[in-house]
């Protein structure tokens, strides 16, 4: 069975957009929830020891929404993808320190989430790389 992807077809553009939307969905949702419940966003930053928490909350909201928009629109896609990839890696290292937890259910869940987030980071690296290699040489 042969399956060909044509980069210029409408189905290909739709799948491409949906793939980017899937990668960005958690960041769009997270940014909007933090924006509409800023006090809880501040509480989250406080929980993870980030000071000043209001500044970090605002920066995270801007990063999540702007970088997602960059990826979805294609404007600076590689930069938006690197920003979300770097953010995801840093947030994962701060929030999911499973290696410091005692063995048990909480550690198990944190380890699973840690490696899922590494997968997201890898996905963003692929988006950045593909965007850069598809750019016309200048």
Report relative contact order for the chain in percent, whole number only (criteria: Cα-Cα under 8 Å, sequence separation at least 6). 20 percent
Rg/Rh (Cα only; Kirkwood hydrodynamic radius) as it applies to the chain: 1.05
Out of 122, 49, 85, any idea which swings most in a Gaussian network model of the chain, alpha carbons joined below 10 Å? 49
Taking only C-alpha positions in region 97-138, Rg and Dmax in angstrom work out to 16.6, 54
So the angle from the long Cα axis of helix 53-73 to the longest Cα principal axis of the chain, reported in degrees to the nearest 10, equals 10 degrees
Which of 46, 121, 73 has the fewest other C-beta atoms within 10 Å, and how do the rest follow up to the most? 73, 46, 121
Using the basic label-point model (7 angstrom from Cα toward the beta carbon), what is the residue 98 to residue 62 distance in nanometres? 3.3 nm
Using a 7 Å offset from the Cα along the Cα-to-Cβ direction at both residue 11 and residue 26, what is the distance between the two label points in nm, to one decimal? 3.0 nm
Helix 77-95: inclination vs the chain longest Cα principal axis, degrees, rounded to 10, gives 30 degrees
With a 10 Å cut-off between alpha carbons and a GNM built on the chain, which of 12, 68, 113 moves the most? 12
Rounded tilt (10° steps) of 38-47 against the dominant C-alpha axis of the chain: 70 degrees
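We did not get these values from a lab; they are worked out from the coordinates using the rules stated. In this text the structure is predicted, and so the values were computed from the model without any measurement. Quick reminder, even Gly has a Cβ in these numbers, built from the backbone with ideal geometry, and neighbours come from all protein chains shown.
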